Each structure stands twice: as C-alpha cells, then as structure tokens.
Amino acid sequence: MASEKGVMLLDFWVSPFGQRARIALAEKGVEYEYKEENLRDKSELLLKSNPIHKKIPVLIHDGKPICESLIIVQYIDETWSDKAPLLPSDPYQRAQARFWADFVDKKVFECGGKLWKLKGEEQEAAKKEMIEILQILEAQLGDKKYFGGDIFGFVDVAFVPFTSWFYSYETCANFSVEEVAPKIVQWAKRCMERESVEKTLPDPKRVYEFVCYLKKRFGIE
Amino acid sequence: MAGSGNSEVKLLGAWASPYVARARIALNLKEVQYEFLEEQFGTKSELLLKSNPIYKKIPVLIHDDKPICESLIIVQYIDEVWVSSGPALMPADAYDRALHRFWAVYIDDKFVPALFGMMRAPTEEAKAESKEQALASLQLLEEAFGKISKGKPFFGGDTIGYLDVALGAFVGWMKAFEEMNGFKLLDDAKTPLLCAWAENFCNNEVVGAVIPETAKLVELAKVMQARFKSAPPAN
C-alpha cells in the first residue's frame, strides 16, 4: 500500500464518534482531508482501512489507519502533542479521564438509541436510564468549566458531540435535559464557544431530521 | 522506586477473574508490592461499593486511597506510575499504541463475550454460535500477532506488553473451556503463533503465579453453569 503523506478522516456527518475526531484535529490545528462516507455503500478505502469493523471514523495518517474514536483521539493527542493537550499529565487524572470517556461510550449512544427506537413502557425505562446517566455526568462535572477542569479535555471531546442529539432525545422521549441536568446544558454552551466544537457539531434540528429519517427507514412510528 | 516508598497499593479482586488477573500481572511485572483484597463470590464489600459506585465491579486498584477502575485503564495507570520499574507495557510509538489499544478493545467487545458465551449459552445452537465467534476472533488475533510482534515472542516484542496482558489474562479460562468442551481454542494448525505465544506468556514467572490452575477453573465453571441454569442471569 503506497504510503500517502498527510491526514485523512473517513467519516459520516452526523456521527458523534466522527465528530470527536474532527474536534480533536481542530483543537490541534491539524490540516486534514475529510471524506464523507455513504454508509449504505461503503468505499473500498473504508473497507480496506477498517476490515474488522467496517465502521467510521477511521483516521489515516501517512497511509496508516487508526480505528475507534477514543483511540483516534488519544493518537491525535499523542502525535500532535505540542498544542492543546487533551489528556492530563498526571496518571491518576488520566485514569479518571479515560474512565469517564469510557462511561460515555458505554452508556450514552446506546441509551439514546433506545429513546427514539422504543415506545411505551420500554421508552419510559430508557428515559429514566438516560436521566440517570446525565445526572451522573453532571455530578462528575460539578462546578468545573469543563470535565477537564480549566482545560477542554478528553472527556469533553468524548461527550460534547452527543449534545447535538439532546433535542432529539428530548423530543422523542418527552423530557428536558435542562430540567434534569442544567449544569450539563451550561457546559454544552461553553463548549460551543470553542471554534472546534462550533464548526463541527451539526444543528440539533438537522440531527432530529436524521433521526426521523431513520425512524421511517426502520418502520418506527 | 520513584519516591513512592510509603505508597499503599491495594487491589480488590477475585482469584478467578481474568480482568483482575490483568491488574495482578501488570503489578507483578512492575514489582509493585500490594495487598490483595479478595471479594467473596456472590457478595460485594463496602469498600468495593464505595470505590466503584458506578459499576460495582472488580478489579479496583486503590493507590494511596484513590480508586482506579476498569482493568485496561488500571493496566495503563500501573504502566504510567511505575514507569521506571521494568520495561514499559505500552509501546513507545503512538501508532503501535493505537494498535495495542484497538485489539484490547476488540478482545473485550468480541472475544471475551464469545468465550464466556459458550458457558452461558442456554441452547446448543447458541453455544455453537459463541464457539464460532470465539474461534473467528482468535483467527483475527493470530493475524494481528503476526503483524504486531514482528517475529518476536510477544505482542510487546521482546517483553510482555499491554496487549499481551489484555489477552494473556484469559489463557487460564481458555484452557478450562478447552477441557470442558473437548476442542482446542488455540490450535497448532490454525493459530500456531498464538500457541507459541501462550506458552511463552505462561512460562513467565510473574504470570505463572497469577493464572489459576485449569482444574480449579473447570470446577468453578461447573458451579457457575449450574447457577445459570437454575436462576436468571444476574449480570
């Protein structure tokens, strides 16, 4: 495989996992080529770069692919280490950051999916679960500016893409994130003041349109 | 050792848990003195509930009263804190690190559920499916080993690394399942590299002390299987 110099990101516009990579690259000021994938017709390059999972995002650096969004973000942090550190330097703080980013990974996306896929009692249960998740994250944030403290860090990058899904979660499951987790909403606003986040995250209404399209495709009323 | 002469290290765990084994192997490789606090099967201690309120699971490393949870995160923490003790577990190169992390996540997401799926499967069909998935995962790991080890004995090269610990901690259970089910998970014909790797890994002194005896795991598995059959799964 010819080693093309440079950075390329295989991605899909609405993917919160892809957005993590985009935000990290922007924070570091890295120039890269963005390639939008059609997930219903995946490119040769994607299939070759991520043969195991065939999923986006994939970061390709000088011809070498890196997969899994949090692994990509750590790679970006370690490779372009001269600017905007995302992980703290203290090992204990790093372990905490990894733990909470992993928590977001394990909980938010799957529960969020249930909110728009399910109805009735099952949806109610998912709503309760999501509220609990948001409140746990809020407790972790506390009165800090970011999850990383004063520094916009790894956990912030991991979680902020999901904030553009809040409107969809709220609309589908009939609850208010602001009511159950006001500090998270304030944190989201602060993050949006950062160019990297503001330029990356889609309008929540567009995300909702996408969710509605998915619902039609999966035959969910 | 880096000025942490008085630091107190405790590990909440259980003898049979492969996730706990990851932490123990890492601590042993770094020659860290620690107190092993064994959780009783079926109950959770106050200390565990307080140290890991989110998941209430072992292993939990407690270093100077500060808890660290999730086995892979614990291994990285150990590598970073006791950095001057023994060879690094994480590779030096960022890309190699990404590869080690990728396959460790793969092991947790795909291989381990299939491995234990064979024990928990309610039907023969489900069991066969788990077995297929476990074997397929190992085939991919065999290929990955070929690329990552570059002819050396371990994923980490000449010495045991992060990915060796991530997978190696499960060798005891792999042997137990091989014995219980009468087929090979690691096969000289299909996964020769991993067969050699497993032997090298288990022959390491500090590892050998941690991996439980196959017979004991088989006995435990039979007890657990009986419980799964008689009650709905609690986990």
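Just so it is clear, none of the values below were taken in a lab; they were calculated from the coordinates. Since this is a predicted model, take the numbers as computed values, not measurements. Glycine also receives a Cβ, built like all others from the backbone with ideal geometry; neighbour counts cover every protein chain displayed.
Based on the alpha-carbon set only, what is the convex hull volume of the range B:1-137 divided per residue, in Å³?
Working: hull volume 16.9 nm³, N = 137.
Given the Cα convex hull of the range B:1-137, per-residue volume reads 124 Å³.
Between beta-carbons, use under 13 Å as the cut-off and find the net charge around A:Ile220, counting Lys and Arg +1, Asp and Glu -1. Walk me through the numbers before you get to the answer.
Values: positive: A:Lys114, A:Lys117, A:Lys119, A:Lys215, A:Lys216, A:Arg217; negative: A:Glu122, A:Glu221.
Local charge sum for A:Ile220: +4.
Straight-line reach from A:Lys216: which lysines have a Cα under 23 Å away, not including same-chain ones fewer than 8 places off?
A:Lys42, A:Lys55, A:Lys114, A:Lys117, A:Lys119, A:Lys127, A:Lys205
Given 10 Å bins starting at zero, what is the percent of C-alpha pairs of the range B:156-217 in each, up to the one with the largest pair distance?
With 10 Å bins starting at 0, P(r) equals 21, 55, 23, 1.
For the range A:1-44, I need the span (max minus min coordinate) of the C-alpha atoms along each principal axis, in Å, sorted largest to smallest.
Largest to smallest, the principal-axis extents are 31, 30, 11 Å.
Over the alpha carbons of the protein assembly as shown, what is the largest minus smallest coordinate on each principal axis, giving the biggest first in Å?
Taking max minus min along each principal axis of the Cα atoms, the protein assembly as shown gives 58, 52, 51 Å.
Using every Cα-Cα pair within the range A:120-184, state what percent have a distance larger than 18 Å.
Working: 777 of 2080 pairs.
When every Cα pair of the range A:120-184 is considered, 37 percent fall beyond 18 Å.
For the range B:97-235, just the Cα set please: Rg and Dmax, both in angstrom.
15.2, 47
Going Cα to Cα from B:Lys57, which lysines come in below 23 Å? Please leave out same-chain ones fewer than 8 positions away.
Output for B:Lys57: A:Lys106, A:Lys107, A:Lys128, B:Lys10, B:Lys44, B:Lys66, B:Lys110, B:Lys216, B:Lys222, B:Lys229.
Quick one: what are the phi-derived ³J(HN,Hα) couplings along the range A:63-75, Karplus 6.51/-1.76/1.60 with θ = phi - 60°, whole Hz, x for glycine and proline?
x, 9, x, 10, 10, 6, 4, 6, 6, 4, 4, 5, 4
With a cap of 14 neighbouring Cβ atoms within 10 Å, and only residues DSSP puts in a loop, list the chymotrypsin sites (Phe, Trp or Tyr not before Pro) found in the range B:15-62.
On the way: sites: B:Trp15, B:Tyr19, B:Tyr34, B:Phe36, B:Phe41, B:Tyr55; in loops: B:Trp15, B:Tyr34, B:Phe41, B:Tyr55.
Those satisfying the criteria are B:Phe41, B:Tyr55.
Report the far tail of the P(r) of the range A:50-128, meaning the percent of Cα-Cα pairs longer than 15 Å.
On the way: 2138 of 3081 pairs.
Counting pairs separated by more than 15 Å, the tail of P(r) holds 69 percent.
Please report, in cubic angstrom per residue, the volume enclosed by the convex hull of the alpha-carbon atoms of chain B. Don't skip to the answer; put the middle values down first.
Numbers: hull volume 29.1 nm³, N = 235.
Each residue corresponds to 124 Å³ of Cα convex hull volume.
Springs between alpha-carbon pairs under 10 angstrom, Gaussian network model over chain A: which of A:Asp62, A:Asp11, A:Asp90 fluctuates most?
Sorting by GNM fluctuation, first place goes to A:Asp90.
Dividing the Cα convex hull volume of chain A by residue count, how many Å³ per residue is that?
Working: hull volume 27.5 nm³, N = 221.
It comes to 124 Å³ per residue, whole-number rounded.
Using θ = phi - 60° and the Karplus curve 6.51 cos²θ - 1.76 cosθ + 1.60, what whole-Hz ³J(HN,Hα) does each residue of the range A:104-115 get, with Gly and Pro shown as x?
Values per residue, Gly and Pro as x: 4, 4, 6, 10, 5, 5, 5, 5, x, x, 5, 4 Hz.
Applying the Karplus parametrisation 6.51 cos²θ - 1.76 cosθ + 1.60 with θ = phi - 60° to the phi angles of the range B:78-95, what ³J(HN,Hα) value in whole Hz is obtained for each residue in order, glycine and proline being reported as x?
Going residue by residue, I get 4, 4, 7, 6, 8, 5, 8, 9, x, x, 5, 7, 7, x, 6, 7, 4, 5 Hz, with x marking Gly and Pro.
Please give every one of the lysines within straight-line cross-link reach of A:Lys145, meaning a C-alpha to C-alpha distance under 22 Å, and leave out same-chain neighbours fewer than 8 residues apart.
Of all the lysines, those that pass the test against A:Lys145 - Cα under 22 Å, at least 8 places apart if same chain - are A:Lys28, A:Lys83, A:Lys183, A:Lys189, A:Lys199.
Across bins of 5 angstrom width beginning at 0, how are the C-alpha pair distances of the range A:1-107 distributed, in whole percent?
Bins of 5 Å from zero give 2, 12, 22, 24, 19, 12, 6, 2, 0 percent of pairs.
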